[in-house]
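Below is one structure; the comments refer to it alone.
The values are calculated or read from the model by the stated rules, or taken from the named source; none is laboratory data. Everything numeric in this text was worked out from a predicted model, so none of it was measured. Positions of Cβ are backbone-derived with ideal geometry, glycine not excepted, and every protein chain shown enters the neighbour counts.
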DNA sequence: AAACTAAGTTTCACATACTGGAACCACTAG
DNA sequence: CTAGTGGTTCCAGTATGTGAAACTTAGTTT
C-alpha cells in the first residue's frame, strides 16, 4: 500500500531473477496470471515462463491449471516456519511484547529492517486478542515511521548509506521528511536522544514513540514502538513511556543475544 | 524429527540447487556454519560457497560475520508472510478451527499436502490458548498419519502415484502400514468410508480421525483431524465426531473456494 | 618460531544450462 | 476464414555457473 516497486538491487544471476519472480508473485497478494507478470515487463516472455516453471517444479510456487494462475507454494509456507522462528525477534520478544502492551494499553509494534525497509514482525493491538502472523509481515517505508527512523539512526555509516539508497522519499503528509538531508539531521537528533518520534509523518493523526533494540555492541536488531492518535494522546505523554519501552527493548536484546542471533541485512561487501 | 532426508526431487538447474541450500539452512533450525553445510556433502565446496553468497546477497539468508554462520534472512520472512496468507488454508480456516476445537475439546489439526508430505498449517490444543505459527509448519509423513491418508485417498491417480514415490515407509510402530500395497488397500477403504483413522500407526497410544477438505470438484485442499490418546478415548467414540468434522471441512472448503484458491503440489506434467 | 591443520575464500579453464527472439499452438472473437 | 490474445516450445549463441585445486588466514602443535 505504501511500498514502492520492489527496488530490487542488481539481481545477480539466475537465482536472483528467480527470486524476483517469487517476489512478484508474492507481492500481488492473489493468484496471478502469466500475462500479468509478463506485463510488468521485467523479463522476456520465454525467460519468465521458464522461471515460473522452475519455481513451480520446486514447489515454491503453485500453479492452478484451472484458473491458470500462480500463487506462493507450499514449500514456501514450510520455509516460512523456520524463517519466522529463527530469524525474527518475534518468538523471543513475544512475552515481553505482551507485557509491554498490557502495561501501556496502546498498540505496540515490533519491527526489523529488511533491505532498508521496515518489516513489522509482530504487533499487539490495544484491546483485541493477539492476532499473530496475520498481522505481522507487512512492510513499510523506513524514513517516515518511528521504528524505521529508530533503526536507521543506529546503523553504522556504511549500513546507513546502503539503506538510504533504498528509500524512495514519497511525501505522505505535510510532516514527512522527504529528503535524505532532512532525514539525516533527524537521525542525528534521534541518536542523541535515544528514541524516535513519528509526528504524523506517515499518516495524519497517527503518532508514535519508537526505540531501537540494540545488542551490547550497538548492533541494530530491531525496534519497538508504541502508537496512538493525536485524539487520544500527545507526543509528550507518549514520551513518558520511553523508560518502560527501553526496559522492554533491553530485555529482548539480552535474551536474543544470549540465545543465538544472526546479523540481518549485512551482505558481504562485493 | 520424523522426516527423512529432504527427498529433494531432481534438482533442476541452479535455482533448484540454491533452493536446496535454503532448505538445508532452514532445516538446521539454528545458525549454521559453512563447514556444517559442506559436511552434508550435497555440494562441492566452491559451489556451496557461491550459492550461499548469492542467497545472502539476495537477503534470503543472513550471514553473521561474528559467529560465522548463516540463518534464514529477512526477505524469506517477508515472503513467508504472503505465502502463509495466500496459500495456506489457515487464515480462512481459523474461525472454523476454533469452533471445532471448542466443540470437541480435543487437539485439532489442519494440514495440507506438500510434495507428498503432510504439512501442518494450523493446530488447536485441547486446552491451551491458540499458539499459532509456532506450532504450525511442522512436516510429517503422509502414509502413517490420519490427515495424510485422508488426503492421499482423494487424490487422483497421477497425483497419488507421484505422492507415493515420495514416501519412505519407515515402520514407526507395529501398526504402521509399511508398504505401498498395504497403503493402497487402506486408501480405497478410506475413500469409500469418507474418513481416515490413525490407529497408533505413527506413535503408540496416539489415535485420530481425519477428513479431507475437498472442493466441489473433489480436489484435495487439505485435511482436518481430531487427535487423542488410547487412554482418553477410543476410535469408536472419535468416529462419532465425524459429522461435526465433516461439517467444518465443508465450511472451510466453501469459503476457500468462494474466495480464491490455488492448486497446491500439482506441477505441470513434464 | 617453524610446521601442521582446519576453515574459508579465490582462481580459472571448461561446458553446462541459461538466454530470448522467433516460430508455434490453441482458443476466442470478429 | 482471419486476426488476436495468451501460452508453450525451439534453438543457436554464449553468458554463467561449475568444481578441482591452489591459496590465504586463523588456530594448534612440536
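Does any residue of region A:50-68 turn out to be surrounded by fewer than 22 Cβ atoms within 10 Å (Cβ to Cβ), part of a helix (DSSP H, G or I) and more than 8 Å from chain B (Cβ to nearest Cβ)? Yes - at least one qualifying residue is present in region A:50-68.
Would you mind finding the one in A:73, A:41, A:29 that is outside the structural domain of residue A:145 (by TED's automatic domain parsing), at positive phi and more than 15 Å from DNA strand C (Cβ to nearest atom)?
Going through A:73, A:41, A:29 in turn, the sole match is A:29.
Consider region A:30-47. How many of its residues are in a helix (DSSP H, G or I) and near DNA strand D (Cβ under 8 Å from one of its atoms)? Residues that pass the stated criteria total 6. If you scan region B:204-226, which residues turn out to be touching a residue at least 12 places away in the same chain (Cβ under 8 Å) and surrounded by fewer than 22 Cβ atoms within 10 Å (Cβ to Cβ)? Selection gives B:204, B:205, B:206, B:214, B:215, B:216, B:218, B:219. Among the helices (runs of 4 or more DSSP H) confined to region A:121-208, the ones with at least 3 residues that are at pLDDT 90 or above are located at A:146-153, A:180-193. What is the number of the single condition among (1) more than 9 Å from DNA strand D (Cβ to nearest atom); (2) at pLDDT 85 or above; (3) loosely packed, with under 13 Cβ neighbours inside 10 Å that residue A:26 does not meet? Only one criterion in (1) more than 9 Å from DNA strand D (Cβ to nearest atom); (2) at pLDDT 85 or above; (3) loosely packed, with under 13 Cβ neighbours inside 10 Å is unmet by residue A:26, namely (3).
Among the residues of region B:78-95, those identified as in contact (Cβ under 8 Å) with a residue 24 or more places away in the chain, more than 7 Å from chain A (Cβ to nearest Cβ) and either within 15 Å of residue A:83 (Cα to Cα) or assigned to a helix (DSSP H, G or I) (or both) are B:90, B:92, B:93, B:94.
Does region B:155-169 include one or more residues that are farther than 25 Å from residue B:125 by Cα, more than 14 Å from chain A (Cβ to nearest Cβ) and buried (at least 23 other Cβ atoms within 10 Å of the Cβ)? There is at least one residue in region B:155-169 that is farther than 25 Å from residue B:125 by Cα, more than 14 Å from chain A (Cβ to nearest Cβ) and buried (at least 23 other Cβ atoms within 10 Å of the Cβ).
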